[in-house]
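Here's the structure, in structure tokens; my notes come after.
The values are calculated or read from the model by the stated rules, or taken from the named source; none is laboratory data. All values derive from a computational prediction rather than experimental measurement. For neighbour counting, all protein chains shown are included, and Cβ atoms are generated from backbone atoms with ideal geometry for every residue, glycine included. All accessible areas refer to the heavy atoms of the entire protein, side chains included, with ligands and DNA or RNA removed. Shrake-Rupley method; radii C 1.70, N 1.55, O 1.52, S 1.80 Å.
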Amino acid sequence: MPEHEVRYGIPAQTLAGALNAYAAASSVQVLYETSLVAGRKSASVSGDLAPSVALQRLLAGTGLVARQTDVDAVTVVPADREAALRLPSGDEQTLMAALQVGILDALCKSELTRPGNFRIALQLWINPVGTVRHAVLLGSTGDFRRDDALVLALRRVTLAGMAPAKVAQPVTMVIAPRGRDQPRECGPPE
């Protein structure tokens, strides 16, 4: 199935800022370790592009690539083999995918936190037994009740027995509304 094109106008900037802008424009959930993008700059991306092409251009020259973990979700990881060998490779990707599933499961339990009509960047610190010990919103959804409910829901996320010992923390994630032609994260209600 071909990707629909989205209009982008993202200037070169900090990689974290560019990834947030990309997620907002494309409705793709982006998960990355904060330490991985720290100090890196993005390339500029403009024009009507498929989301995968836009992300590839945005990451050009950073030494990072995006690995798709779901229909509309990606994890940003090192591109080179040496860096990949220093990471727990498939284990890290499995952990990040489990984190995305855990977050969606927690947020879908309440109409107030159900993804779909808000955008927020967040940071999570995960304890050695695989539960979120601290969650911080990087901004506001525009609804303080929702913001408080999001933090409480995120603190209940568990990674089903997975220990994040080698994952740099905090982990940063952007939750953005999906496009009209994409399936909803939570299923029926809405």
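Pairs needed: first member in region 61-75, at positive phi; second member anywhere, aliphatic (A, V, I, L, M); C-beta distance under 7 Å; at least 6 residues apart or different chains.
From region 61-75, the pairs are Gly61/Ala43; Gly63/Ala79.
Please work out which residue is least open to solvent (accessible area, probe 1.4 Å), limiting yourself to region 117-154 and to residues that are of a type in the set (Ser, Thr, Tyr) and not in a strand (DSSP E or B).
So, considering only residues that are of a type in the set (Ser, Thr, Tyr) and not in a strand (DSSP E or B), the one least open to solvent (accessible area, probe 1.4 Å) is Thr141.
Could you tell me which numbered condition Tyr32 fails, if it satisfies all but one of (1) exposed (fewer than 14 other Cβ atoms within 10 Å of the Cβ); (2) of a type in the set (Ser, Thr, Tyr); (3) under 24 Å from Leu137 (Cα atoms); (4) touching a strand residue (DSSP E or B) at 6+ places or on another chain (Cβ under 8 Å)?
Checking Tyr32 against (1) exposed (fewer than 14 other Cβ atoms within 10 Å of the Cβ); (2) of a type in the set (Ser, Thr, Tyr); (3) under 24 Å from Leu137 (Cα atoms); (4) touching a strand residue (DSSP E or B) at 6+ places or on another chain (Cβ under 8 Å), the one that fails is (1).
Table: residues versus (1) under 19 Å from Tyr22 (Cβ atoms); (2) at pLDDT 90 or above; (3) over 17 Å from the mean Cα position of the chain (by Cα).
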{"site": "Leu59", "(1), (2), (3)": "yes, yes, no"}
{"site": "Thr69", "(1), (2), (3)": "yes, no, no"}
{"site": "Val77", "(1), (2), (3)": "yes, no, no"}
{"site": "Glu82", "(1), (2), (3)": "no, no, yes"}
{"site": "Gly102", "(1), (2), (3)": "no, no, no"}
{"site": "Leu112", "(1), (2), (3)": "no, yes, yes"}
{"site": "Phe118", "(1), (2), (3)": "yes, no, no"}
{"site": "Leu152", "(1), (2), (3)": "no, yes, yes"}
{"site": "Thr172", "(1), (2), (3)": "yes, no, no"}
